Structure formats: structure tokens, C-alpha cells
Amino acid sequence: MQSNGVVIFRLVLAFFRFVLVKMFEKTSIAFLSLVEGLSMKGTAEDDVATFDQLSKRWWEPNGPMILLHRLNKLRVPMVVEGLIKVGKLDRKQRYTTDALKGLNILDVGCGGGIYAEALAKLHANVVGIDPARHLIEVAKAHAEAQSDIKDRCHYYEQSMEEHWQGAANKYDVVVLSETIEHVVDKSSLLKHVAEVLKPGGSVFISTWNKTSWSWLLAVVVLENIMKRLPKGSHDYDKFVSPEETEAILEAYGCRTIEQRPFYLKFWESEWVWVPFNQLTYALHAVKG
């Protein structure tokens, strides 16, 4: 048993740690706003414009989108492993080059097609949607130049609100990777995701948690100090906790079966799975 003194000391210590984090957060915001014109708020149009400007360099492996290229190391195997867990794939398919053969997958917020192409290379039929016109043009051109996937990758300049109509129960899998944190109305987005999924279909989401630490890493370190993310591309107000994401999905009939935190070793530009859930997370939910 711990003495009352020890318990009180730990509570006081935790309180001061919380206060220091909040003070640092507010001081950093003020400083960066003054020195670099940092804004933590952005409209949907701002986000589209930001990524549109990067379209010409989207497929440079070590260019401004290096972190999306490196994220495939985690997010593609998670789709395969997740589908094995729910019985949609056989375990023998885990390491085959056509593991996703015959599956219809929707990539929401596909950008220039980095994730979509990786899924298509495993023989999935992939539809990618994004409201950024120049990125869709880049995605189409890049896929068209590859004979092994060009017939399995199809891209459309659309939002989810536009795409879901006429696509009810169409997809085996929907993926939203680094997408939901750019959307204001997350409930409407995930409602439409649930509507286009087949019964028993899976949705895979990866995004930033809504914590002071995730803001510190994404906005302060990666956007403004190390320049590893496009400046102004992340708005803390749009970040969402895993608890909130799971609750919205459950409201629309999708049960979360796995949630895994991951972390960026930013000094190496490498994503790794971790046991703590303060920064980024990926989850897998199934439509009942």
C-alpha cells in the first residue's frame, strides 16, 4: 500500500506535468504564429490547395511526400493481416503477390495514388477518390504508365459525399489513410463509408490522435521545424481520438476489431508500431 503522502505527491506531479505541457503548447503556438505565420485552422479548400501544389513531386520517394511512401510499410500489411483475421483471406495468401485478388477497394483521399497503387500491385481492384484535381491527374498518369496495374486502378475527382451515391454495398474494403484529420464532418464521412461497404466489409483508418503530443510532432516538429510535412496541412481542431472514431463507426454499424498505435521515428523517416497511443493510430472495423 502506498502512503497518502506518496499518492498526493504523484497527483501533484501529474498536475504540474499537465500544466507544463499546456503552457508549452500555448507558448509554441504564439511563437510560431509570430515568427512563421503558423495557423492551426484551415478550410477544406485550403487543404485541397496545399496538396494540389505538391502534385508534381508526389512520386519522388525522398521528396516532400516521403512519409506517405514510407507508411506503406505498415498500412498495406495491416490490410492483408486484417482480412485474414476476419476470414476474408486465407493465411496462405499472406505473402503472395496477389493476396488481394478479386477484392474491390475504395481509397478515400487517395492523393497521387501511393496507397492505391500498393494495393493494386497485390491484385486488388482499386478506386481512388480525391477532390484535388491535380493529384487525380498525377495518380492517373502514374498508374497508366504501369502495365501491371493500369487496368486495376481507377481515379475520380470526387469527395466521399459525391461518390457514395450509387455505390451502396459496392466495396469489400474502404481505406482512409491520413484523410480523416482533414475533414470537418467526420460523422457524415464515416456514414457514407459504412454505406458503400458490403456487409462484412472492412474499413481501415490511419490518422493522428487528438493529443498535445501529436500536435507537437505533426505541426511544430514535422511541419515547421523539420519541414517533413507540408506547412499548414494539419489543423489540430480536426484531429480525432480513437475513442471518437470508434464511436462514430459503431453508430453506423461498424465494429472496431483492432486498434494499433504507431509512431514516426522522425530522425529516420520511418514509421513503427508502438505500445503507446499518444501520437498516431490505425484501426480496423467491420460492417455488421
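The values are calculated or read from the model by the stated rules, or taken from the named source; none is laboratory data. As the structure is a prediction and not an experimental result, all values here were calculated from the model. A quick note on method: Cβ atoms are made from the backbone with ideal geometry, for glycine too, and the neighbour counts reach across all protein chains shown. These area figures cover heavy atoms from the full protein model, side chains too; ligands, DNA and RNA do not enter into them. Shrake-Rupley method; radii C 1.70, N 1.55, O 1.52, S 1.80 Å.
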Somewhere in the range 65-80, is a residue closer than 26 Å to TRP208 by Cα, of a type in the set (A, V, I, L, M) and without any contact (Cβ under 8 Å) to a residue 40 or more places away in the chain?
-> no
Tally time: how many residues in the range 77-89 are of a type outside the set (Asp, Glu) and open to solvent by 20 Å² or more (accessible area, probe 1.4 Å)?
-> 6
Scanning the range 227-267 for residues that are of a type in the set (S, T, N, Q) and modelled with pLDDT of 95 or more, the one most open to solvent (accessible area, probe 1.4 Å) turns out to be GLN259
Result of the Cβ filter at 7 Å on the range 224-252, keeping first residues that are closer than 28 Å to ARG57 by Cα and of a type in the set (Asp, Glu) and partners that are at pLDDT below 90 and open to solvent by 60 Å² or more (accessible area, probe 1.4 Å), at least 6 apart or interchain, is ASP235/LYS41; ASP237/LYS41
Residue in the range 99-145 that is nearest to GLU181 (Cα to Cα), counting only those that are open to solvent by 40 Å² or more (accessible area, probe 1.4 Å) and in contact with a helix residue (DSSP H, G or I) (Cβ under 8 Å, 6 or more places away or on another chain) | PRO131
Cβ-Cβ under 8 Å pairs, at least 6 apart or on other chains, the range 149-160 side more than 19 Å from ASP98 (Cβ to Cβ), far side of a type outside the set (A, V, I, L, M, F, W, C) and open to solvent by less than 10 Å² (accessible area, probe 1.4 Å) = TYR155/GLY113; TYR155/GLY128; TYR156/GLY128
Scanning for something in a loop (DSSP other than H, G, I, E, B), open to solvent by less than 30 Å² (accessible area, probe 1.4 Å) and among the polar types (S, T, N, Q), does the range 268-279 turn up at least one residue?
-> yes
For SER39, state whether it is part of a helix (DSSP H, G or I), within 25 Å of GLU223 (Cβ to Cβ) and either at pLDDT 85 or above or open to solvent by less than 90 Å² (accessible area, probe 1.4 Å) (or both).
-> no
Applying the selection to the range 207-223, what residues are of a type in the set (A, V, I, L, M), open to solvent by 20 Å² or more (accessible area, probe 1.4 Å) and touching a helix residue (DSSP H, G or I) at 6+ places or on another chain (Cβ under 9 Å)?
-> LEU216
Only residues that are part of a loop (DSSP other than H, G, I, E, B) and surrounded by fewer than 20 Cβ atoms within 10 Å (Cβ to Cβ): list them for the range 55-76, please.
-> TRP59, GLU60, PRO61, ASN62, GLY63, PRO64
Only one of these conditions is not met by PHE51: (1) touching a helix residue (DSSP H, G or I) at 6+ places or on another chain (Cβ under 8 Å); (2) of a type in the set (Phe, Trp, Tyr); (3) at pLDDT 85 or above. Which number is it?
-> (3)
